[in-house]
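Notes follow once the structure below has been shown.
The values are calculated or read from the model by the stated rules, or taken from the named source; none is laboratory data. This is a predicted model, so every value here is computed, not measured. Cβ placement follows ideal geometry from the backbone for every residue including glycine, while neighbour counts extend to all protein chains displayed. These area figures cover heavy atoms from the full protein model, side chains too; ligands, DNA and RNA do not enter into them. Shrake-Rupley method; radii C 1.70, N 1.55, O 1.52, S 1.80 Å.
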Amino acid sequence: MAIGKIPWIERFSSSSTCTRVTFMLFVAFSLVGVWLFSFSTVVPLEIFPQEAIKSESKKQLSQSDSRPLEDGSGNAFTQSYNWSETRADKFGVANSEGSKINVGDQRDGQDNVIGENVVWNASHMEDEIIGHKSDDGLNNQEPNSSVNINDNANGEKQENDKKKIKPREYNDGYGMHSDKDNVRTKDGTKEEVFPNGLQLEHINETDTQVGTWSTQDTKSRNEKELQASSSMGEVIKFNWKLCNVTAEADYIPCLDNDEAIKRLTTTKHYEHRERHCPEKSPTCLVPLPNGYRRPIKWPNSREKIWYRNVPHTKLVEYKGHQNWVKVSGEYLTFPGGGTQFKFGASHYIDVIQKSLPDIAWGNHSRVVLDVGCGVASFGGYQFDKDVLTMSFAPKDEHEAQVQFALERGIPALLAVMGTKRLPLPGMVFDVIHCARCRVPWHIEGGMLLLELNRLLRPGGFFVWSATPVYRKTEEDIGIWKAMSELTKMMCWKMVSKMKDSVNKVGLVIFRKPSNNECYDQRAVNTPPLCQESDDLNASWNVSLLACMHRLPGDPILRGFHWPAKWPSRLEKTPYWLGKAQVGIYGKLAPEDFQADFEHWKRVVSKSYLNGIGINWSNIRNVMDMRSVYGGFAAALRDLMVWVMNVVPIDSPDTLPIIYERGLFGIYHDWCESFSTYPRTYDLLHADHLFSRLKIRCNLLPVIVEVDRILRPQGILIVRDDMKTISEIQNILKSLHWDIRLTYSKEPEGLLCMQKKMWRPQEIEADSASVS
């Protein structure tokens, strides 16, 4: 069979042999050149390849704590983007002509949207990939960067679609630029999109924390010895097992340590409800309740939750007649009642306001502590008044009351007023509330009431609704008399006493003094004033003291003035941050505070809200695991979320600043388990926490604790050095978590991962361990 001639080859066949050889060499060299060019300009698509990790681990990292700041002024660098095949097939991949890329909109198998649908314009994205000339015009060469975005539905492993974006680049003598640097919006302003929100500006934590900024670790005299320092190396394989504990799906390591509780010599002061952490932190996984499903969204969750998520009915039987909680089919419902407000928390809150207009909910009074909170309906309905309430109760016979609160989307902690101070700073709460909280305030010299005095802001209010206020039994009359005498000696003034005609209960409001005048005029020094050496902020494993701290007498000291009215106090620099004081990041404290706030506003608006595919309608309970000034929480103010700000005990003690701006938080040592039930937070945020932490304790149990307190489908955002992020990613991938996004720019990185429903089948034999 004859083969037809190809015209262009036929033309060459009539030429000389030399000409044919020359042409073929030209074609060959051209193909090789194209291949070499492609190879040299595209960053490999492997997420943190092991070779890169090993190379990076050899580099010396800065001793200061650097973190990315999103200001859009990054210098030249090269990036690559990866999308999963499902994303490329479903929505398409961007081209250089400005087509759109959609990232997000995952589903979890129950037809629930997991990831937010985020749309970026490719031409704008390419502009932001390259970065711009630094403000000072210097050509500060940046290291290579890479961003990987994965969007895997139902937890199934997907292969990455190896599509690349290669913008045109040029060097103008000041650094590398893109030919699309001048993309602007319709109004002529520069459009800032992802990854502009991920470009790096460094704010370094200085060594001032050792000087002017003390830590909770150094303040707390009775703190337990720190766990042995050990840094976890790279682990390739894990053998995960379920915890073999009595508490099963509700396991809280530091509150369910049965062996330690059995060794207690007394439980008179509720020692068995206090923290008793195991010597070796658990590395087993807590199982899910049968039939667990994604929690109901706020605000509907305030009224009802899935019964299977918290399958406990003891409180229904015990408190159902007081409208605490009821069972209704597959739901647990919360009518909004309580022991002292059977006809609803909203009415009760209004009664308090009517009784004392000066309390001014959501204006003058913003941050509230609710003692013995029950299911936290008081705090839940205070959101309607723009009031932030931290509710707490012990893990006791009122089964799962705090767990109910958190499942409803209401802030709550597991804690008890026993023998130790609450892990909170002094003089921070505007109002403290107790409605039949079952705390014997009047006994042992008023030890427990004096702890409230430590926590209450000068001029703050104590609202007490209990039977001694309005009943005339012999016991109630005796308690009322003792409380009246005690509060008078403490210089608390009774400013209101009334009875609610609807709920048929009474309440009384006391006010703490705002200066030392009454203290100085007391004939008898009872309760005594604390020693000047006693730090009222020292509270991590610190025993209670039956004394009162003197109040600030200098106008420049914290507590002398009441904070600005809400919401202006959120953004206003605390007056007591000295202009000559150096802040955490090395600037003068007021400038440091504002810079931190501006930083987190940029991060949240340009990255977290639109850049990493989080569906914020599924987010309610948020924790900032290493908060500094509370800037991250402040930046989330317009969302329907609340943030638990955690200040680690070895970090600068900035928690009073967080409270001053109308937010709240707690001290904690992350080498130990946190005092909350499993599956209680929707989003955990860790800014340079883990790299610091692994110097003091093993990283593996800490990540297991993260898995314990985060809900399935919940989000973890980590900002840290690349080596630490690689270690965390390795552990979480073994737990079947989904990688939502990874970003790296030497030596820093960002990781966003999503927890899935996966649990191992094997149960540990005895001790909490994983090999």
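Contact annotation: residue pairs with Cβ atoms under 8 Å, 6 or more positions apart or on different chains, pairing a residue in the range 520-534 that is among the aliphatic types (A, V, I, L, M) with a partner that is at pLDDT 95 or above, are VAL524/MET489; LEU529/TYR519; LEU529/CYS547; LEU529/MET548; LEU529/HIS549; LEU529/ARG550.
Scanning the range 601-613 for residues that are open to solvent by less than 10 Å² (accessible area, probe 1.4 Å) and at pLDDT 95 or above yields a count of 3. Take the conditions (1) at pLDDT below 50; (2) among the aliphatic types (A, V, I, L, M); (3) buried (at least 18 other Cβ atoms within 10 Å of the Cβ); LEU226 misses just one of them, which is (3).
For the range 495-504, the set of residues classified as more than 38 Å from the chain's Cα centre (by Cα) and within 14 Å of TRP464 (Cβ to Cβ) consists of LYS497, MET498, LYS499, ASP500, listed by residue number. Residues in the range 283-297 that are of a type in the set (A, V, I, L, M, F, W, C) and either in contact with a Cys (Cβ under 9 Å, 6 or more places away or on another chain) or under 14 Å from THR333 (Cα atoms) (or both): CYS284, LEU285, VAL286, ILE296.
Report whether or not CYS547 is closer than 30 Å to ILE352 by Cβ and in contact with a strand residue (DSSP E or B) (Cβ under 7 Å, 6 or more places away or on another chain). In short, yes.
Quick check: is even one residue across the range 520-532 within 38 Å of the chain's Cα centre (by Cα) and crowded, with 20+ Cβ neighbours inside 10 Å? Checked the range 520-532: no residue is within 38 Å of the chain's Cα centre (by Cα) and crowded, with 20+ Cβ neighbours inside 10 Å.
Kindly provide the set of residues from the range 246-261 that are in a loop (DSSP other than H, G, I, E, B), at pLDDT 95 or above and surrounded by fewer than 22 Cβ atoms within 10 Å (Cβ to Cβ), ordered by number. Within the range 246-261, CYS254, ASP256, ASN257 qualify.
For the range 538-591: of the residues being assigned to a loop (DSSP other than H, G, I, E, B) and of a type in the set (D, E, K, R), which is most open to solvent (accessible area, probe 1.4 Å)? Out of the qualifying residues, it is LYS579. Taking the range 680-692 as the range and being over 15 Å from GLY630 (Cα atoms) and either open to solvent by 10 Å² or more (accessible area, probe 1.4 Å) or small (Gly, Ala, Ser) (or both) as the test, the residues that pass are ASP682, SER691, ARG692. For the range 614-638, the set of residues classified as assigned to a loop (DSSP other than H, G, I, E, B), among the polar types (S, T, N, Q) and crowded, with 22+ Cβ neighbours inside 10 Å consists of SER627 only. Whenever a residue of the range 488-506 is within 24 Å of THR526 (Cβ to Cβ), its partners that are among the charged types (D, E, K, R), lying with C-beta atoms within less than 7 angstrom and at least six residues away or across chains, give the pairs TRP492/ARG511; TRP492/LYS512; LYS493/ARG511; VAL495/ARG511.
Once the range 629-673 is narrowed to residues that are aromatic (Phe, Trp, Tyr) and in contact with a Pro (Cβ under 9 Å, 6 or more places away or on another chain), the residue that is nearest to ALA415 (Cα to Cα) is TYR667.
Per-residue answers, yes or no, for (1) crowded, with 24+ Cβ neighbours inside 10 Å; (2) modelled with pLDDT under 95; (3) touching a strand residue (DSSP E or B) at 6+ places or on another chain (Cβ under 7 Å); (4) under 15 Å from MET644 (Cβ atoms):
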site: VAL375; (1), (2), (3), (4): yes, yes, no, no
site: LEU388; (1), (2), (3), (4): no, no, yes, yes
site: PRO394; (1), (2), (3), (4): no, yes, yes, no
site: PRO425; (1), (2), (3), (4): yes, no, no, yes
site: ASP430; (1), (2), (3), (4): yes, no, yes, no
site: CYS437; (1), (2), (3), (4): no, yes, yes, no
site: TRP441; (1), (2), (3), (4): yes, no, no, no
site: GLY445; (1), (2), (3), (4): no, yes, no, no
site: LEU450; (1), (2), (3), (4): no, no, yes, no
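Pairs are defined by a Cβ separation below 8 Å, a sequence spacing of at least 6 or placement on different chains, a first member in the range 398-421 that is closer than 18 Å to LEU683 by Cβ and in contact (Cβ under 8 Å) with a residue 12 or more places away in the chain, and a second member that is assigned to a helix (DSSP H, G or I) and open to solvent by 10 Å² or more (accessible area, probe 1.4 Å); the pairs so defined are ARG408/ARG302; GLY409/ARG302; ILE410/ARG302.
One residue stands out in the range 344-372 among those that are without any contact (Cβ under 8 Å) to a residue 40 or more places away in the chain and assigned to a loop (DSSP other than H, G, I, E, B): the one that is nearest to ILE410 (Cα to Cα), namely GLY344. For the range 373-383, what are the residues that are among the small types (Gly, Ala, Ser) and either farther than 26 Å from GLN403 by Cα or in a loop (DSSP other than H, G, I, E, B) (or both)? Result: GLY374, ALA376. The residue of the range 628-640 that is nearest to ALA538 (Cα to Cα), among those that are in contact (Cβ under 8 Å) with a residue 40 or more places away in the chain and out of contact with any Asp or Glu (no Cβ under 8 Å at 6 or more places or on another chain), is ARG637. State yes or no: is SER465 in contact (Cβ under 8 Å) with a residue 24 or more places away in the chain and open to solvent by less than 50 Å² (accessible area, probe 1.4 Å)? So SER465 fits the description; yes. Scanning the range 505-519 for residues that are open to solvent by 60 Å² or more (accessible area, probe 1.4 Å) and over 34 Å from the mean Cα position of the chain (by Cα) turns up ASN515, GLU517.
When you scan the range 281-296, do you find a residue that is more than 19 Å from THR676 (Cα to Cα), hydrophobic (A, V, I, L, M, F, W, C) and open to solvent by 30 Å² or more (accessible area, probe 1.4 Å), even just one? So far as the range 281-296 goes, yes, one or more of its residues are more than 19 Å from THR676 (Cα to Cα), hydrophobic (A, V, I, L, M, F, W, C) and open to solvent by 30 Å² or more (accessible area, probe 1.4 Å).
Of all residues in the range 357-388, count the ones that are touching a His at 6+ places or on another chain (Cβ under 8 Å) and under 24 Å from VAL310 (Cα atoms). Within the range 357-388, residues that are touching a His at 6+ places or on another chain (Cβ under 8 Å) and under 24 Å from VAL310 (Cα atoms) number 4.
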